[in-house]
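Only one structure is covered here, and it is reproduced in the block below.
Just so it is clear, none of the values below were taken in a lab; they were calculated from the coordinates. This is a predicted model, so every value here is computed, not measured. Backbone-built Cβ (ideal geometry, glycine too); neighbour counts: all protein chains shown.
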Amino acid sequence: MILERPEEEEGVEDHPKRLQILSSSGMIVSMDASTPCAFCDAHDATYGHVLKETEEFRVVCDPYPLIEGHILIIPKRHIACIGACSIGAFREFMTLYTEVGKFLQKNYGALSSFEHGDIGHSVPHAHMHLLPCEVSEKSVIPEGESHLEPLMGMAALRSLFAQRNHYLFFSTGAKCWTVDSDLAKPRFFRDRLAIVLGRPQRGNWKAMSSIPKHMDAAAKEIASLEKKWNV
């Protein structure tokens with residue numbers, strides 16, 4: 001995982017020359033920041049359905065939605081997680097998060113979100129997932145309350161990342177938590193939510209992408225989401 005620290009000032013270099021990576025063996029190694037990243041490529045399939053673009057972020061339909069209304073907020077800068085945003089960028093993110101959250105609640109009646117804060121993610125570039133569902137924390141984290149640490153709100157992500165260099169963030173309704181990082185693995189939240197939502201076949205987005213019937217259904221859901229957004 002990338003151990004990139006959040007900036008405290010604006011105007012820093014957008015792409016640091018080297019990033020620190022924690023390998024699976026636990027060794028910290030360096031990686032050239034020019035290593036290809038799908039989310040850094042504005043022509044990547046992820047950006048096939050952009051709902052909104054600002055100076056720092058893109059708001060897009062997840063191309064492999066768990067359910068209709070699955071939206072991603074992705075920073076243009078290559079950073080580890082939303083908690084690594086500069087102060088200014090984080091304010092912009094919060095404005096977008098509030099806007100998307102209100103849209104989902106108005107059109108679908110619920111809101112949950114999650115992010116792999118530089119741990120256990122399959123794409124090493126920050127992206128916050130927002131979904132129109134409300135699930136119990138116990139259904140997503142059946143290991144128990146000892147693996148959940150309540151957060152006062154989204155604003156805690158910057159300080160959390162500054163202190164720990166990683167986090168697993170999860171929210172449903174007005175409740176926010178950080179989850180025990182020892183549980184982290186690729187697609188941690190995605191796989192669990194797919195099961196809770198009754199769509200286990202959508203947890204593995206790579207496998208989903210090769211199954212026409214799932215992608216046809218996803219295309220219809222994305223079209224419906226875009227129609228609601230553009231009203």
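Some notes on this structure:
- Net charge of Cβ neighbours under 10 Å - reference GLU145; Lys, Arg +1; Asp, Glu -1: -2
- Contour excess over end-to-end distance, with Cα ends at ALA207 and GLN163 and 0.36 nm allotted per residue: 12.3 nm
- Distances between placed amide hydrogens fall under 5 Å for LEU168 paired with GLY117, VAL179, all partners being 5 or more residues away or on another chain.
- Gain in span if fully extended, LEU183 to GLU53, counting 0.36 nm per residue against the direct Cα distance: 43.5 nm
- Alpha-carbon centroid distance for the pair segment 205-231 / segment 36-77, whole angstrom: 14 Å
- Evaluating 6.51 cos²θ - 1.76 cosθ + 1.60 at θ = phi - 60° for every residue in segment 110-125, the Karplus couplings come out as 7, 8, 9, 8, 7, 8, 8, x, 6, 7, x, 9, 8, 10, x, 9 Hz, glycine and proline recorded as x.
- Computed magnitude of the charge dipole of segment 60-198 (debye, nearest 20; Cβ of K, R +1, Cβ of D, E -1): 340 debye
- Estimated FRET transfer efficiency when R0 is 30 angstrom, pair LYS138-ALA219 (beta carbons, to 0.05): 0.35
- When Rg and the Kirkwood radius Rh are both evaluated on Cα atoms of segment 36-229, their ratio Rg/Rh stands at 0.93.
- Extension gain, LYS106 back to ALA38 (0.36 nm per residue minus Cα-Cα distance, nm): 21.3 nm
- Taking a straight line from the alpha carbon of LYS175, these lysines sit under 24 Å away, with near neighbours fewer than eight places off in the same chain left out: LYS102, LYS106, LYS138, LYS185.
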